[in-house]
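Engineer: Structure provided below as structure tokens; questions to follow.
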Amino acid sequence: MDQAYKRLEKSLPKGVDLAQAREKLLEQEIETPSWGYADSGTRFQVFHQPGAARTVFEKLDDAAKVHEMTGITPGVALHIPWDKVDDYQKVMDYAEELNLTIGAINPNLFQEPEYKLGSLCHPDRAVRKKAVDHVLECIEIMNITGSKALSLWLADGTNYPGQDDFRARKKRLEETLAEVYKALGDDQRMLIEYKFFEPAFYHTDIADWGMATLLAMKLGPKAQTLVDLGHHPLGANIEQIVAYLIDEGKLGGFHFNSKKYADDDLTTGSVNPYELFLIYNELVAGAEDLQEDLNVAYMIDQSHNVKPKVAAMIQSVEEIQTAYAKALLVDRASLRKAQREGDIIGAERVLKEAYDRDVTALLVSVREEMGVPVNPLEAYRQSGYQSKIARERG
Ligand code: AFD
Ligand code: MN
Ligand code: MN
């Protein structure tokens, strides 16, 4: 271990185990989204980026580059039909060649013309059936690719008061989700994502963590809640929601990104890195207290509308890895003591010290063990990959 690592180890409070933190970081895995490598934009404009991936194979190439640079992103989430192919075995074989695996499957219940007034909540039974059939098709794909997670986001909602009946939509949703739930294999699960608003502007059928979790509880153990960091009202305490879901065994996974105002899908940690750390603090505390692996699907979900996509994805991975490293080094015993004694400033200071700690030496040590660059983003920017894909893909 080099000098910097030894200095970090000596600087830690008694009882904080650097070697154990290192082990956890060596096990960390984050899934990247296929759609994060393709062109994206807002409802006002999509600014095409030279080199943006156009096919699922190019998306896998880009995901492989992120994994080559970071060592912790072997899984790639797919979005159907954007990544639909005739033969998924070809996609799996290509992924395997690149040391990648196919991760969560994301149905698309928001782009077909019939879905204008909703999909699984739609007033017309025929449209609900179309939506159910699409999700069942996605479970079929999971059975082929070996994916364990169905990552389900509904754009369903209404734009005007009176447009539809809240309770009728809730009943339709419970029925259609129950139909889909039955098709899940024993080792598969449905992650129900909630979102405060958008694209619907008056109400969204699964608008918050409570609605998603109520649905998941009614469905059963293979249904859990998916927390997308950009899907909350401003000021929501996301780390409290995470702690609550951990305690209920209903935290299925994350869609990591960053926001300033809404579902901005910005690079994770780019606006509020302290919130990301506080979320990880709950994950580390929860796993320690419950003495179990929380079995959380850690997934990135962001669209880099103006940044080069692969570099922005590496930035997100580094931010998530750093937040986890800092949370692993929280002096938990002193935190618990300060909490017991009502020492507010003492408790706060334990967290701030961990957040402010420079964990570079730990991350370097982990990356050297993995055989990846000690500075993934810098290595990527020097690699020439960006100009290569811009040249090849035009
Ligand atoms: C959009 C939605 C939601 C979903 C993602 C991928 O808001 O986050 O998970 O697209 O479908 O960001
Ligand atoms: Mn999402
Ligand atoms: Mn979103």
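The values are calculated or read from the model by the stated rules, or taken from the named source; none is laboratory data. Predicted, not measured: the structure shown is a model, and the values here were computed from it. So basically every Cβ, Gly included, is an ideal-geometry build from the backbone, and we count neighbours across all protein chains shown. Calculation scope for accessible area: heavy atoms of the full protein, side chains included, ligands and nucleic acids excluded. Shrake-Rupley method; radii C 1.70, N 1.55, O 1.52, S 1.80 Å.
Engineer: Working only within region 62-78, note down all residues that are over 18 Å from the mean Cα position of the chain (by Cα) and buried (at least 21 other Cβ atoms within 10 Å of the Cβ).
Structural biologist: Lys65, Met69
Engineer: Among the residues of region 4-18, is there at least one that is of a type outside the set (S, T, N, Q) and either within 16 Å of ligand 2 (Cβ to nearest atom) or within 23 Å of the chain's Cα centre (by Cα) (or both)?
Structural biologist: No, every residue in region 4-18 fails to be of a type outside the set (S, T, N, Q) and either within 16 Å of ligand 2 (Cβ to nearest atom) or within 23 Å of the chain's Cα centre (by Cα) (or both).
Engineer: Cβ-Cβ below 7 Å, separation at least six or inter-chain, first residue in region 102-120 and closer than 13 Å to Ala155 by Cα, second surrounded by 20 or more Cβ atoms within 10 Å (Cβ to Cβ) and aromatic (Phe, Trp, Tyr): which pairs?
Structural biologist: Leu109/Tyr115
Engineer: So, of the residues in region 245-268 that are assigned to a helix (DSSP H, G or I) and under 18 Å from the mean Cα position of the chain (by Cα), which turns out to be nearest to ligand 3 (Cβ to nearest atom)?
Structural biologist: Restricting to residues being assigned to a helix (DSSP H, G or I) and under 18 Å from the mean Cα position of the chain (by Cα), the top hit is Leu245.
Engineer: Could you pull out the residue among Lys250, Lys260 that is of a type in the set (Lys, Arg), within 16 Å of ligand 1 (Cβ to nearest atom) and either within 20 Å of Glu319 (Cα to Cα) or modelled with pLDDT of 95 or more (or both)?
Structural biologist: The conditions single out Lys260.
Engineer: Does Val227 satisfy the criteria of being part of a helix (DSSP H, G or I), surrounded by 19 or more Cβ atoms within 10 Å (Cβ to Cβ) and of a type outside the set (Ser, Thr, Tyr)?
Structural biologist: no
Engineer: Can you find even one residue in region 317-340 that is closer than 30 Å to Arg43 by Cβ and out of contact with any Ser or Thr (no Cβ under 8 Å at 6 or more places or on another chain)?
Structural biologist: Within region 317-340 (the criterion being closer than 30 Å to Arg43 by Cβ and out of contact with any Ser or Thr (no Cβ under 8 Å at 6 or more places or on another chain)), the answer is no, since none of the residues qualifies.
Engineer: Something else: Give me the residue from region 281-304 that is among the small types (Gly, Ala, Ser) and over 14 Å from Tyr244 (Cβ atoms) and, out of that set, farthest from ligand 1 (Cβ to nearest atom).
Structural biologist: Only one residue tops the list, namely Ala287.
Engineer: Ile320 - would you say it is open to solvent by less than 50 Å² (accessible area, probe 1.4 Å), of a type in the set (A, V, I, L, M), within 24 Å of Ile105 (Cα to Cα) and touching a Pro at 6+ places or on another chain (Cβ under 6 Å)?
Structural biologist: Criteria not met by Ile320.
Engineer: From the set of residues in region 186-205 that are more than 17 Å from Asn108 (Cβ to Cβ) and more than 16 Å from ligand 3 (Cβ to nearest atom), which is most open to solvent (accessible area, probe 1.4 Å)?
Structural biologist: Asp186
Engineer: Please verify whether region 256-272 includes one or more residues that are among the aromatic types (Phe, Trp, Tyr), touching a Ser or Thr at 6+ places or on another chain (Cβ under 9 Å) and open to solvent by less than 20 Å² (accessible area, probe 1.4 Å).
Structural biologist: yes
Engineer: Inspect region 206-214 for any residue being away from ligand 2 (no atom under 16 Å from the Cβ) and either open to solvent by less than 20 Å² (accessible area, probe 1.4 Å) or touching a residue at least 40 places away in the same chain (Cβ under 8 Å) (or both) and give the result as yes or no.
Structural biologist: Yes, there is a match, as at least one residue in region 206-214 is away from ligand 2 (no atom under 16 Å from the Cβ) and either open to solvent by less than 20 Å² (accessible area, probe 1.4 Å) or touching a residue at least 40 places away in the same chain (Cβ under 8 Å) (or both).
Engineer: Moving to a separate point now. Suppose we filter region 1-55 for residues that are open to solvent by less than 30 Å² (accessible area, probe 1.4 Å) and assigned to a strand (DSSP E or B); how many remain?
Structural biologist: Residues that pass the stated criteria total 4.
Engineer: Inspect region 102-123 for any residue being within 17 Å of Thr73 (Cβ to Cβ), in contact with a helix residue (DSSP H, G or I) (Cβ under 7 Å, 6 or more places away or on another chain) and at pLDDT 95 or above and give the result as yes or no.
Structural biologist: yes
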